1. For the pair Ile145 and Ser109, how long in nm is the line joining their label points, each one 7 Å along Cα→Cβ?
2. If contacts are Cα pairs under 8 angstrom and at least 6 residues apart, what is the relative contact order of region 55-176 in percent?
3. Return the distance in nm (one decimal) between the two label points of a simple spin-label model at Arg138 and Ala116, each offset 7 Å from Cα along Cα→Cβ.
4. Quick one: with all protein chains in place, what share of the accessible area of region 75-176 is carbon or sulfur, to the nearest percent (1.4 Å probe)?
5. Mind running the shape call on region 132-176? Use the C-alpha gyration tensor, a ≥ b ≥ c as the square roots of the eigenvalues: rounded below 1.5 for a/c, prolate if a/b tops b/c, oblate otherwise.
6. Could you order peptides 81-94, 107-120, 145-158 by the average number of other Cβ atoms within 10 Å of their residues, highest first?
7. Expressed in nm to one decimal, what extension gain is obtained for the pair Leu156 and Val48 from 0.36 nm per residue of sequence separation less their Cα-Cα distance?
Amino acid sequence: MSRRPGLTALLPGLMALLAASPAPAEMAGGWRERLDWPPAMELSHVLVQTGLYTDHFSPDPDHTNNQQLMAVELHNPELWFTGLARFKNSFGQDSHYLYVGRELPIWESGDTRVRAKLTAGALHGYRGEYRDKIPFNRHEVAPAILPTVGASWKRLEADLIVFGAAGLMVTAGWRF
């Protein structure tokens, strides 16, 4: 059985983070209150995005970096959102990602904001010989979790999205 040295190296940091976290008794309210759960069914804005740049960490001759991404996200005032993205996957196949997510504010000054986003959803489109290129791709649908760091200025937004251990993508969008 092979061990992953990367996971072992992370354990001391994770333990320190847990030790520094407040105990449940010290936290005000339950997890639902801290997450504003359930989210309000109210629309604050719509974000339309496109992909600007893609890079694979371990390039393969079959990879394409032209994803032709188009995405629409519906955001509520409590920083929850849902979205649908249409793109060409790393192997040029039409693909879709249906997801929900949460914005996590990091810094704000005037019209400029820096924030993280975390999405989770269903990824569809890896077929044929490329079906096993993503984990858990049963029936050509796989679960996906994508972390994002981004910034916005007025109605313009830009994001750096890391897609697993495969690569990263830079997107830009406009808020309506």
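The values are calculated or read from the model by the stated rules, or taken from the named source; none is laboratory data. Small disclaimer: the values here were computed from a predicted structure and weren't measured. In this analysis, Cβ positions are derived from the backbone assuming ideal geometry, glycine residues included, and neighbour counts consider all displayed protein chains. Protein only, heavy atoms only, side chains kept; ligands, DNA and RNA dropped before computing areas. Shrake-Rupley method; radii C 1.70, N 1.55, O 1.52, S 1.80 Å.
1. Here the modelled spin labels are 3.3 nm apart.
2. Working: 265 pairs, mean separation 22.6, N = 122.
Relative contact order, region 55-176: 19 percent.
3. 3.0
4. Working: 3690 of 5540 Å².
Roughly 67 percent of what the probe reaches on region 75-176 is carbon or sulfur.
5. Working: a/c = 3.92, a/b = 2.41, b/c = 1.62.
It comes out prolate by the Cα gyration axes.
6. Details: 81-94: 18.1, 107-120: 13.1, 145-158: 15.6.
Descending packing order for the listed peptides: 81-94, 145-158, 107-120.
7. On the way: separation 108, 0.36 × 108 = 38.88 nm, distance 0.99 nm.
Full extension from Leu156 to Val48 adds 37.9 nm.
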